[in-house]
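Notes follow the structure.
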Amino acid sequence: MSRNQIQNILSIRHRLTEAASLILLLLLPFHQQASAQKIAINADDASLNEVFIQIAKDYHIQLSFDDELLSNYAISVHKTFDSPENAVAYLLHGLPLDYHKNGEVYVIFRADAPPVIKSYPLSGRIVDIQSGEALPYSHILIDNKGMVTDFNGRFSFASSTDSVFTIRISYLGYFVSDTLLHSGSNHIIELTPSIIGLKEVVIKGSAIERSGQVGEETGVIRLNHKIAYRLPGNGDNALFNFLRLQPGILAAGEQSNEMIIWGSYSGHSQVLFDGFTIFGLKNFNDNISFVNPYMAKDIRVLKGGYNAKYGERVGGIVEITGIEGNRVKPSINLNINNLTINGMVSVPVKELAAITLAYRHTYYNLYDIDDLNIISGRKGSKSSNLVDINLFPDYLFRDLNLKYAGSTRSGDAYYVSLFEGRDKFSYALDQEWHNTKITQDAEEGNRQRGATAFYGKSWQSGHRSNLSLSYSDLNRDIFEKQEIIRIPNNQEISNEEIQYRNRVEEVTLKNNNHYLLSEKHRLEAGWGYIYNRILFREDSFETNVTDNREDTHRLNFFVLDKMVLNPKVTLKPGIRIDYPIHLGRLYLQPRFQLTIDLTERWRINGAWGIYNQFISETSVIDDFGNYRYFWAISDNEEVPVLQSQHFVGGLTFQQDGLTVGLETFYKTTDGIARYLNLKGDKLQTVYQGESKAYGMDLMIKKYFRKHEAWTSYTLSRTEEYYPYFTTDAYADAPQDQRHEIKGAVLFNFNPFYCSANYVYGSGFLDRTSIYSSSSERYPYNRLDVSFIYRYTLKKYHIEAGISILNLFNTENIKYSNIIKIPDNQSSSITIHAEAVPFTPTIYLNLAF
């Protein structure tokens, strides 16, 4: 491109900017007052476009014109007019120009070319000013009409009245931006982060989106993952620790490999990373998040009542969007703590793409875990009555992320994201207990893999299309060997050796399309194909007991309509249709969402929907009440298709850094399957049951100066019914907990940062048998604290932190790791892998 061409482009851009500055003032809603005012014009040999700019600035009149066309005419006038229309007519008199009033907008055009009322499309992408990273699910106000970008930070809009738009953009952890854009496609809008790497940046007078957003959409929580590093922990568990502190997500009991959201069962909720499913790693003792924090860019929690775009689950959804890498310069991040080492490298590729590699690994012998798990002084706690033997398993974890992401010069986005994670959980027990010798060996290994290839197209009309192909699988191998002998007479009570293998595999092809129908009407539609294959194998004493292999193909289609009924009311009706080929029938899932802005501070949300799930993690119970879970395909015979109905309502208040959110929910789920494997009763049967969960979340969040704090309270109940129950009444489900209180406070005394978080849960029922449970609950409570120091030396950013998990060394029960084994023919012993004890953690973050 020649120098003259570049100068011409810059000149045109300058003129468009001048016109945009005009329209920002023109769109203010004071036109009725302006029309009643006198218009005074004083100009000497001034360009006509500049005269109109000044009029609009002084009298708030809405105008639309070709800035370059009007700059060709110079006028001199000193006159006062009775109305804006008289002023416009006078200024255009004698010129080859004319005007037309379209609503409240004066459209100026060539006299020989009457205006054609058309739609002015606007589309673009929101990115990080430092790295070029797209910012997904940014909130945008375009001419006071709200919308949310997609997970690639893209948006589209159309207007029939004007070609210049006022825009306000906000994204968690970034300064709010107000700007003007001319109609067109592929606009790039850059936002400045409030925290760049480990370096604090302060821009006085600018608003910042902080740790999270609630109440913007029904049942949705948006989280700023950068805040997670300031919470107690080792930096490697930042994502999981941040999630467990949100209302509606179970924290008590430390369900580390599951997201229990609003009473959902194991496998009813879904974790998505870059479009593929993470079925779950063991993640022992909450020390490691299931997604590398370095790779996370955006976190959305959909607790319930979500729209027709999402399917495949009847519980909640945690959607994590991965980073695209640094397109500006190479960057390195390194986290070292007393549990793991974590590193990430990102390298730009020709300024339009980046390749990113991240790796984590645990290591041993840095400290003696027994020194950090202080049992003495804890036996007096109430929960000690539940556990007979505490043990400390060995644990190995590693994972790897590789991602190549970029965009074309026309603004299309693409990426390929790869992931593999492995963990191994094991323990060996050889102990005498009440005249009984117990030998127990247990080992569990998991391997999770995932991959997504994505391409997103932005069309000139403002429409957008996405196409993605994803693969995910989880291999879980469990081995147990158990021998229990009565010492006085050397009587064998139990002798078992069993091995389970469960593999779940998923291939997904998706196409989503966004259509601009009008300013107040936007449509999203898409289709998908899903393939699942599941293997379940059980061996006992080298004898094959069970060997099941199943697969299924499903087609789905959804339509989601967003209708802005008026500036305060938005309705989102939608429907999702699933067709599992092996069942040969359609599953219709209508859904509705409603948002009402009562005032600028008060908002009401409501939602209703039907949800189906076609693979489920079925529970298996043995004679002693031990729960195991394995994935199975719904065949509507032994394992039914899950169907859930969600009712969600919410009320949000926001003012001066204070947010108060209240959400209520009621969910029913039919088709939950449970397999009773009772050798003593010679019973092996699958039962089909139903459940209901209901309750409320209350959250209060406050920003004060540079600090912030939040607290939440969840009141809920989850009940279930199976035909094998001894009564016809509903009983409390295993994951039922009546009360949970959580809170966090973060202090910013740059360069020092202090934080603390606390969780209290009223506890779960202790099931004494498969048919009944005791009425006693064992409460959970844990206080964590941290202290962080940040320092910048030239291009090197250093952060050192120390955290103490479970400061008061409270003994808690980790319910997912309780195992009961026979003590004799009529009683059992409870073995427990302990929840997080008093645990100091030290870590160092380096970025350059």
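Some observations on this one:
- Filtered residue count, the range 740-759, keeping only those that are among the β-branched types (V, I, T) and under 13 Å from L243 (Cα atoms): 1
- Lone unmet requirement of (1) in contact with a helix residue (DSSP H, G or I) (Cβ under 8 Å, 6 or more places away or on another chain); (2) of a type in the set (D, E, K, R); (3) loosely packed, with under 14 Cβ neighbours inside 10 Å for D98: (3)
- One residue stands out among those in the range 322-333 that are in contact (Cβ under 8 Å) with a residue 60 or more places away in the chain and either surrounded by 23 or more Cβ atoms within 10 Å (Cβ to Cβ) or in a loop (DSSP other than H, G, I, E, B) (or both): the one that is nearest to the chain's Cα centre (by Cα), which is G322.
- Here Y627 meets the list (1) touching an Asp or Glu at 6+ places or on another chain (Cβ under 9 Å); (2) open to solvent by 30 Å² or more (accessible area, probe 1.4 Å); (3) touching a residue at least 60 places away in the same chain (Cβ under 8 Å) almost entirely, failing just condition (1).
- Among residues of the range 708-738, those that are in a strand (DSSP E or B), open to solvent by less than 60 Å² (accessible area, probe 1.4 Å), touching a residue at least 40 places away in the same chain (Cβ under 8 Å) and over 13 Å from E690 (Cβ atoms), counted: 6
- The sole residue among F665, F653 that is out of contact with any Lys or Arg (no Cβ under 7 Å at 6 or more places or on another chain), surrounded by 16 or more Cβ atoms within 10 Å (Cβ to Cβ) and part of a strand (DSSP E or B) is F665.
- Restricting attention to the range 452-475, the residues that are open to solvent by less than 30 Å² (accessible area, probe 1.4 Å) and assigned to a strand (DSSP E or B) add up to 13.
- Subset of the range 123-138 that is touching a Gly at 6+ places or on another chain (Cβ under 7 Å) and assigned to a strand (DSSP E or B) - its residue that is surrounded by the fewest Cβ atoms within 10 Å (Cβ to Cβ): V127
- Residue within the range 362-371 that is at negative phi and modelled with pLDDT of 60 or more present: yes
- For the range 291-321, the set of residues classified as open to solvent by 10 Å² or more (accessible area, probe 1.4 Å) and among the aromatic types (F, W, Y) consists of Y294, Y310, listed by residue number.
The values are calculated or read from the model by the stated rules, or taken from the named source; none is laboratory data. All figures in this text were calculated on a predicted structure; none of them were measured in a lab. So basically every Cβ, Gly included, is an ideal-geometry build from the backbone, and we count neighbours across all protein chains shown. To get the accessible areas, we keep the full protein, side chains included, count just its heavy atoms, and leave off ligands, DNA and RNA. Shrake-Rupley method; radii C 1.70, N 1.55, O 1.52, S 1.80 Å.
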